[in-house]
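*Asks:* Structure incoming, see below.
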Amino acid sequence: MMDHLVETNSVPSRLVEERLDEIRRVMGKADDDPLRIVGVGAGAWGSVFIAMLQENYGKFRGKVSVRIWRRGGRAIDKATAEHLFEVINSREELLRRLIRRCAYLKYVEARLGDRVLYADEILKDGFCLNMIETPLCPLKVVTNLQEAVWDADIVINGLPSTETFQVFNEISKYWKERVNAPVIISLAKGVEAEFEPHPRIVTPTQMIHRATGIPLENILYLGGPNIASEVYNKEYANARICGSEKWRKPLGKFLRQSHFIVWDNSDLITHEVMGGLKNVYAIGAGMVATLTKESATSKSVYFAHCTSEMIFITHLLAKEPEKLAGPLLADTYVTLLKGRNAWYGQKLAKGELSLEMGDSIKGKGMIQGVSAVKAFFELLNQSSLSLQHPEEGKPVTPAELCPILKMLYRILITREFSCEAILEALRDETMNDPRELIEIAHSHLFFQPWLLGQKP
Amino acid sequence: MVGSIEAKSLQSNGSVHHIGLNLEEKLDEFRRLLGKSEKDPLRIVSVGAGAWGSVFAALLQESYGGFRDKFQIRIWRRAGRAVDRETAEHLFEVINSREDILRRLIRRCAYLKYVEARLGDRTLYADEILKDGFCLNMVDTPLCPLKVVTNLQEAVWDADIVVNGLPSTETREVFEEISKYWKERITVPIIISLSKGIETALEPVPHIITPTKMIHQATGVPIDNVLYLGGPNIAAEIYNKEYANARICGAAKWRKPLAKFLRQPHFIVWDNSDLVTHEVMGGLKNVYAIGAGMVAALTNESATSKSVYFAHCTSEMIFITHLLAEEPEKLAGPLLADTYVTLLKGRNAWYGQMLAKGEINRDMGDSISGKGMIQGVSAVGAFYQLLSQSSLSILPSEEKKPVAPVESCPILKTLYKILITREQSTQAILQALRDETLNDPRDRIEIAQSHAFYRPSLLGQP
């Protein structure tokens, strides 16, 4: 931790202030008007993101204000309170900080079972319920949504995709009379599917656009690392901000830190959808890892097949999708290696979790991959999307060419198979060489523009 | 262990008839293609007894060895390689912990020499333990007994198929010797190379020499009969029936029948015409595997840092393949899977980890006891040397002056400085990764795909 402090101090304060001043200029902030940044939703990545901004810019008090919204009322169970107490007491600097802020004794009371703690109050002290092991800096926490967002300049969407539309729909009421349009950065990785008037995917940025009326130009997606605690602990990470040129470059610069590089990219669609798609295959990767006792050889077979399916799917969704290489590949790699979706797949395969427990897990948060399996499979299984089978010559839905996706649907959604079936799917000798699926993707012109709601 | 042995044997018994029938049909079909007459067995020789070469031979022996008049496989390795005391002790532990192995050795009257070696009263040699199924690079994974030949002429003179299991650094030398014994052959053998290293030559123009090319040059066997088998590199896992995919690359005449012949329920072999990309990539990924091991060790297995490394090294690999091939196969699907597993596990990644932890140093050389040849080290030198030639200069997207391709490959450059010139420590790999001036890896890919700077001369093509 001392190393981290030294490292942080080594970043020239002047440079940080310059970046802040620049984004303020771009946003037209007057001298006495702070730049107001609000995180909406307090999952691991949303909390870390806000904490990093607070640590980086929070000392320039007259120029920036960072806060985070989460719902009130979420009680912390006794086991978690006991664990939290252990974390606090094992970390001297943390213990000192809480004592100094007169915020320590409530944790003693909770440990003894004499008091119930709530997620929003512990978050003020830097404890995210999904990431107890990694204490953050203290944060300004607001539980009233109107109070949180009404005058925000930048809103960070840290909600699961399943809650994004509903919350931003509520936010739109508070923004009815706004003069200037805020900028919204979405971290959400889930997707949904709808089928009328045409089958298509709805991404979180589209949900936000529909709910609020904010022009898409002001809505960006930030994709990349998903091991939030590692990013907070200053592990070197790359991320990518995708969206309109007007905002993505200045924001990329503003968000960048010495250990957190942010590149900008115009391809909002591929990155946001791929962000959801990789979580689908991460669950399967976790299952394979457990069922084969971490066999690297079996993992490589799985990787070959799932990446070729991902490539195939992106070619349905985008006319010239970014190649699955570079940053997208790195995201896929880390998502399959580690991360809560892969963790979830492992636990299911070990029998330590069951599907009946739902896809929101205590201590981990929302497992977005489950709803994404449903969304992608149901979309790609629409007969109106049929294409010619490469060998058999008859029409098939795209889902038929994605055996892993199909099997994950049957394990996780219809639940007609157990986790072992993922290995059966992988070992099916009739399964095509994954390279063939990639060739189909590259050679056939079957891009379907309305799958992402674009006008042809 | 006893339980799993039971399960395995039950499974085998249940399906042996079906499997046997298919196997004999496959063998007969392949023999027909090669024009083997009734009393003439198909002779396969594996040259070199590293982990993968040994496993490959063992898999074939287990599949087809029962058809004694139709099929014969042997493996060549040099004689005289002594097994050190420590390894002998470990080998003794492995034997005694496995009831099936112990029984087998006792039954074959081959056990007591291991007791003597354990006690230090006898020196064992690599070729004699290999007869009992112990590969020196893979002592923890006993194989089936193998026919081992230490005389090269005796091994290869009448072979129908030769499997090259040598490191690339020995391939030319050994196949030049083999060519003497093949001077008067009437039939042309088929050669399958498993080797993943490469060499660089700078005259008449800078170019890469792949193992299949070395074999073709050394023996005169037409390139149509020389194929590359790429894919899994965790040999012990393949032998233990982990499900794996591999790819045989080369001319259409042989690659399809060979793929069928080599395929097993747990070992799927696909065929591919792109010999160049696969063979070169097989060598290139070992370069970056060493760096991956370093990153893993230096960051305590940080998945986030691994992903950053992966983004950069794959974009460099893509950039390099676009120099070497006109329309290289996309780094996706099987090639990607190979890269994934090579970076995750395997001896090159292991070597990088050990260097970073200080448990190994570069002065120990790139052939490590118990692990075999670390091909990535010589490959770093080869690729760096090739790509730093000024005659290959290109115009990067932003700057105005031409630079050698290696300037767009900061990881390769850093690995060269760590492993070859040794002017930097392993920490430099993290410095290179954390350099804020480092380009977005996507930029490198865009350069590769948008600029027509393919250099046919790099692979010796006109």
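*Asks:* List every residue whose amide H lies under 5 Å from the amide H of B:V163, counting only residues 5 or more places away in sequence or on a different chain, with H placed 1.01 Å from N in the peptide plane.
*Replies:* Under 5 Å from the amide H of B:V163: B:V45, B:S46, B:V47, B:I192.
*Asks:* Ignoring ligands, DNA and RNA and using a 1.4 Å probe, state the total buried accessible area between A and B in Å², rounded to the nearest 100.
*Replies:* About 4200 Å² of accessible surface is lost on pairing.
*Asks:* Would you be so kind as to list the residues of segment A:222-243 that have their accessible area lowered by at least 20 Å² in the full protein complex compared with their chain by itself (1.4 Å probe)?
*Replies:* Residues losing area: A:E230, A:E235, A:Y236, A:N238.
*Asks:* Give me the accessible area of B:M138, 1.4 Å probe, in Å² rounded to the nearest 10.
*Replies:* Counting only protein heavy atoms, the figure is 20 Å².
*Asks:* Follow-up. Excluding ligands, DNA and RNA, what is the solvent-accessible area per residue of chain B at a probe of 1.4 Å, expressed in Å²?
*Replies:* Ligands and nucleic acids excluded, the result is 41 Å² per residue.
*Asks:* Report, for chain B, the % of DSSP beta bridges that are antiparallel, rounded to 5.
*Replies:* In chain B, approximately 30 percent of DSSP beta bridges are antiparallel ones.
*Asks:* Under the definition of partner shielding as Cβ atoms of other protein chains within 10 Å of a residue Cβ, what is the mean value for peptide B:339-345?
*Replies:* Details: counts 4, 12, 9, 2, 2, 7, 6.
Per-residue shielding by partner chains comes out at 6.
*Asks:* Here's something else I'd like to know. Which residues make up the longest stretch of chain B that has no GluC sites (Glu not before Pro) in a DSSP loop with at most 15 other Cβ atoms within 10 Å? All intermediate terms of the calculation are to be shown ahead of the outcome.
*Replies:* On the way: sites that count: B:E38, B:E184, B:E301, B:E326, B:E359, B:E398, B:E399, B:E423, B:E436.
Counting at most 15 other Cβ atoms within 10 Å as exposed, the longest clean stretch of chain B is B:39-183.
*Asks:* Please report how far the C-alpha centroid of segment A:86-120 lies from that of segment A:339-353, rounded to the nearest whole angstrom.
*Replies:* About 31 Å separates the Cα centre of segment A:86-120 from the one of segment A:339-353.
*Asks:* What's the angle, to the nearest 10 degrees (0 to 90), between helix B:275-298's Cα axis and the longest principal axis of chain B?
*Replies:* Orientation of helix B:275-298: about 80 degrees from the principal axis.
*Asks:* Please report the carbon-and-sulfur percent of the accessible area for chain B; probe 1.4 Å, protein heavy atoms only, DNA, RNA and ligands left out.
*Replies:* Percent of accessible area from carbon and sulfur atoms in chain B: 49.
*Asks:* Report, in listed order, any pair from B:K285/B:K306; B:K147/B:K180; A:K338/B:K413; B:K306/B:K345; B:K345/B:K413; A:K189/A:K374 with a Cα-Cα distance greater than 18 Å. Walk me through the numbers before you get to the answer.
*Replies:* Values: B:K285/B:K306 15 Å; B:K147/B:K180 23 Å; A:K338/B:K413 29 Å; B:K306/B:K345 13 Å; B:K345/B:K413 23 Å; A:K189/A:K374 14 Å.
Among B:K285/B:K306; B:K147/B:K180; A:K338/B:K413; B:K306/B:K345; B:K345/B:K413; A:K189/A:K374, the Cα-Cα distance tops 18 Å for B:K147/B:K180; A:K338/B:K413; B:K345/B:K413.
*Asks:* Using a 1.4 angstrom probe on protein heavy atoms only, which residues from segment B:295-311 are buried by at least 50 Å² of accessible area when all chains are present rather than their own chain alone?
*Replies:* With the partner chains in place, segment B:295-311 has these residues losing at least 50 Å²: B:A303, B:T304, B:S307, B:V308, B:F310.
*Asks:* Nearest 5 percent is fine: what portion of the DSSP beta bridges confined to the protein assembly as shown is antiparallel?
*Replies:* 30 percent
*Asks:* What does the structure give for A:288-300 when I average, per residue, the other chain Cβ atoms found within 10 Å of the residue Cβ?
*Replies:* Across the residues of A:288-300, the mean count of other-chain Cβ atoms within 10 Å is 6.
*Asks:* Based on the Cβ-Cβ distance from B:E128 to A:A421, what FRET efficiency comes out when R0 is 35 Å, to the nearest 0.05?
*Replies:* On the way: r = 46 Å, r/R0 = 1.31.
The computed FRET efficiency comes out at 0.15.
*Asks:* Counting pairwise Cα distances across the protein assembly as shown, what percent come out greater than 40 angstrom?
*Replies:* Roughly 44 percent, once rounded to a whole number.
*Asks:* Using just the helices of the protein assembly as shown, give the 222 nm mean residue ellipticity in deg cm²/dmol: DSSP H runs with n ≥ 4 each add -39,500 (n - 2.57), and the total is spread over all residues, rounded to 500.
*Replies:* Theoretical 222 nm ellipticity from helices: -15500 deg cm²/dmol.
*Asks:* Which ³J(HN,Hα) values in Hz, rounded to whole numbers, follow from the phi angles of segment B:254-267 under the Karplus curve 6.51 cos²θ - 1.76 cosθ + 1.60, where θ = phi - 60° and Gly and Pro get x?
*Replies:* Running phi through 6.51 cos²θ - 1.76 cosθ + 1.60 with θ = phi - 60° gives 10, 5, 6, x, 5, 4, 5, 5, 7, 5, 9, x, 9, 9 Hz.
*Asks:* Taking the Cα centroid of segment B:76-124 and of segment A:194-223, what is the distance between the two, rounded to the nearest whole Å?
*Replies:* Cα centroid of segment B:76-124 versus Cα centroid of segment A:194-223: 67 Å apart.
*Asks:* Can you say what percent of the DSSP beta bridges in segment B:111-248, counting only those with both residues inside, are antiparallel? Round to 5. Present the calculation step by step, with values, prior to reporting the outcome.
*Replies:* Values: 5 of 12 bridges.
Of the beta bridges lying entirely in segment B:111-248, close to 40 percent run antiparallel.
*Asks:* B:F71's amide H: which non-local residues (gap 5+, or another chain) put their own amide H closer than 5 Å, with H modeled 1.01 Å from N in plane and none for Pro or chain starts?
*Replies:* B:L42
*Asks:* Using only Cα atoms, tell me the angle between helix A:161-174 and the longest principal axis of chain A; keep it within 0 to 90° and round to the nearest 10.
*Replies:* Between the helix axis and the principal axis of chain A, the angle is about 50 degrees.
*Asks:* Hey, which of these cross-link pairs are over 24 Å Cα-Cα: A:K347/B:K371; B:K357/B:K417; A:K63/A:K140?
*Replies:* Too far apart for the 24 Å limit: A:K347/B:K371.
*Asks:* Taking each residue in B:270-279, count the Cβ atoms of any other chain within 10 Å of its Cβ, then average. What number comes out?
*Replies:* Working: counts 5, 1, 2, 0, 1, 0, 0, 0, 0, 0.
Mean shielding by partner chains, rounded to a whole number: 1.
*Asks:* For chain A, take the longest principal axis of its alpha carbons; what is the angle in degrees between that and the long axis of helix A:327-337, to the nearest 10 within 0 to 90?
*Replies:* With both axes taken from Cα atoms, the answer is about 90 degrees.
*Asks:* Please give the Cα centre distance for segment B:150-206 versus segment B:233-275, rounded to the nearest Å.
*Replies:* Cα centroid of segment B:150-206 versus Cα centroid of segment B:233-275: 20 Å apart.
*Asks:* Related question: With a cut-off of at most 16 other beta carbons within 10 Å, and DSSP calling the residue loop, which chymotrypsin sites (Phe, Trp or Tyr not before Pro) in segment A:356-419 qualify? Please list them.
*Replies:* On the way: sites: A:F376, A:F377, A:Y409, A:F417; in loops: A:F417.
Of the chymotrypsin sites (Phe, Trp or Tyr not before Pro), the ones in loops of segment A:356-419 whose Cβ has at most 16 other Cβ atoms within 10 Å are A:F417.
*Asks:* Can you give the accessible area per residue of segment A:1-157, in Å², using a 1.4 Å probe?
*Replies:* On the way: 7590 Å² over 157 residues.
Result: 48 Å² of accessible area for each residue.
*Asks:* Measure off 7 Å from each Cα along the Cα-to-Cβ vector at A:E147 and B:V205, then give the distance between these two points in nanometres to one decimal.
*Replies:* 7.3 nm
The values are calculated or read from the model by the stated rules, or taken from the named source; none is laboratory data. Small disclaimer: the values here were computed from a predicted structure and weren't measured. Backbone-built Cβ (ideal geometry, glycine too); neighbour counts: all protein chains shown. To get the accessible areas, we keep the full protein, side chains included, count just its heavy atoms, and leave off ligands, DNA and RNA. Shrake-Rupley method; radii C 1.70, N 1.55, O 1.52, S 1.80 Å.
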